[in-house]
Amino acid sequence: MQAVHDAIALIIGNAHHHQIETSLLRTQFDISPISQDLALQLAEHGLHDDRLAAILSRYAVVEGDSARSARLYRAAVNAGAAGLTSRLADALARTADCTTAAALADKLLSSPDSAERAAAVRIAASIASHDGNTAQAAELFGWLGPHPDAVAGSAAAIVLAATGDLAAARDALRIKDSSPPTMAARASRGLAEGLLLTMDQPYPIAMAKLGQALAAQQSVTEAMPDSPAALVALAAIHGGDPVRARSVIGRAVRAGGDAVFRSRHLLLSAWIKMQDGQLPSAAADVAAAGTELHRRDALWAAALHIAIARRTGDTGVLHKQWSTAMEVLAEYSIDLFALLPLAELWVAATRIRQVDQLEYPVNEAFALLDSLGSPPVWSNSLHWAGVHAGILASSPDSVAPHGQALAAAAAHSGLAQILSGAGRTWLRVLADQVDADEVTVAARSLSRVGLTSDATRLAGQAALQASDARVSGAMLQLARDLKLGTGCEEVIGLEPAAGPSAAPRQPPAGTPLSDREREVAELLLLGMPYRDIGSRLFISAKTVEHHVARIRRRLGAESRSEMLSMLRAMLTPPD
């Protein structure tokens, strides 16, 4: 259509063509309201008209799709509209065109209009947060100071809380907004208030407030540091509420929403599944998020690759992804919302003996939590990682402070109570003191709070350490039961890229595994590394490696992940 337009303009001359379109516009105004498509075409053809600009502005305000809204605002500006730069920057930020949006916001930072300056700070700070630089975002809000704009104040509170300045975050919400109490203002304020409640109130109270804000999230059309769904899901994951986390992020993935948060939502979905032991489905969500990621999403993606590799015992991928993760982390400003990937990297660092690379960011994270008063909702996950890191390092002295912190928080946090008990059980298991009932309670409790992957590893470790064959068998069965309870492996809300969906590849008929290969396969599916499988079966790790290679050849699997999928199909009993 544009090519036809350009050809006609060339034939009849630009001046005459402009006269025709101006006449068409006037005639259309006289006959009936001008349609959105026609208004867009005329403006994008270069027509400059105040009435056309006003109409495009009105269309942009009510447009639900952020990409279309950005196009309408740009057309309105081109048609002569004034004072729309901040709205255009908002729309562009939501479409993930952060470079253009940031450039527009920078120009508005020197605007004499205080409302424009506040909008510019909010947009620039939101983009900085998306790019893993909440420290810069906090500086921007510090420069602006408290401002009577509900959305800007809420964004400021979220950023300032994320960087550990709780007093400033609360101050940002104390300024009363003289503007009408719109749904967007109420939703953004409720989100910020709910986040602040997680600092000193029980999780259910904070989640009730966050849930109310989430119900009105569709009304928020301004750029924000994070999406309502992401913030609520993060709080739910940290709070040991996997049902709520899955529900919230599942709806967000299915809805699509603003382009700037699509990868964010997929990666959070992957994280929930990874912790729950649904590794193939988690890997599919990570792949769906793509590779062209802003820094915040890149950190989560790198941590997920490492988490999945660690849980499947794939040390090759673990080492390969480590350098990528360290490169992203080196440029990242640690904040409250990066604690989960940081915790995973900490445990992985201990596994591959690179813990010195994590010393500074981990200390920075604990200092951040200290500045917030060490709220259990946010600190439990990092202390749980500390327990794991200490266990992997065979350092009881390293485990002690994190176990003590969880025990101290247990009086006010159900999750801390579960983690504290599970940590003690794990240490007793490693000391060859396996109590089947105690391990069962601890493992099922971990699974209930969304940590099924850890639960199966605890049960598998208990099976390895138990001296009684019956107890060992019971622990292996517990691990199998927990894995079977993780549910569906389907990727939520994703369409196939092209063509008919491929059915999962089945193992070839007539090639049953030997008894020894079956034993190796079962332990492999529990996430045990070769060394532990060898100890359990009284063979060397090298022999385990040879068994795995033979299993892969027998099945005709082209990759390790395909082999594991085929083994699950073979060894998982039908419902």
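Restricting to segment 277-319, what's the tally of residues that are surrounded by fewer than 24 Cβ atoms within 10 Å (Cβ to Cβ), touching a residue at least 40 places away in the same chain (Cβ under 8 Å) and not in a helix (DSSP H, G or I)? The qualifying residues number 4. Counting only helices (runs of 4 or more DSSP H) wholly contained in segment 44-148, the ones carrying 2 or more residues that are among the charged types (D, E, K, R), over 28 Å from Glu331 (Cβ atoms) and touching an Asp or Glu at 6+ places or on another chain (Cβ under 9 Å) occupy 66-78. Residue-level analysis places Ala338 outside the set of residues that are more than 28 Å from Gly460 (Cα to Cα), in a helix (DSSP H, G or I), without any contact (Cβ under 8 Å) to a residue 24 or more places away in the chain and of a type outside the set (Asp, Glu). Restricting Leu88, Leu104, Leu92, Leu84 to residues that are closer than 23 Å to Leu144 by Cα, surrounded by 14 or more Cβ atoms within 10 Å (Cβ to Cβ), at pLDDT 75 or above and touching a Lys or Arg at 6+ places or on another chain (Cβ under 8 Å) narrows the list to Leu88. Among the residues of segment 191-224, those that are under 25 Å from Ala105 (Cβ atoms), assigned to a helix (DSSP H, G or I) and among the small types (Gly, Ala, Ser) comprise Ala192, Ala213, Ser219.
Figure legend. Inter-residue proximity from segment 549-571: first residues at pLDDT 75 or above, second residues of a type in the set (Val, Ile, Thr) and outside any helix (DSSP H, G or I), beta-carbon distance below 9 Å, spacing 6+ or different chains. Indicated pairs: Arg554/Thr511; Leu555/Thr511.
The values are calculated or read from the model by the stated rules, or taken from the named source; none is laboratory data. All of these numbers come straight from a predicted model, not from anything done at the bench. All Cβ positions, glycine included, derive from the backbone under ideal geometry; neighbour counts span all protein chains shown.
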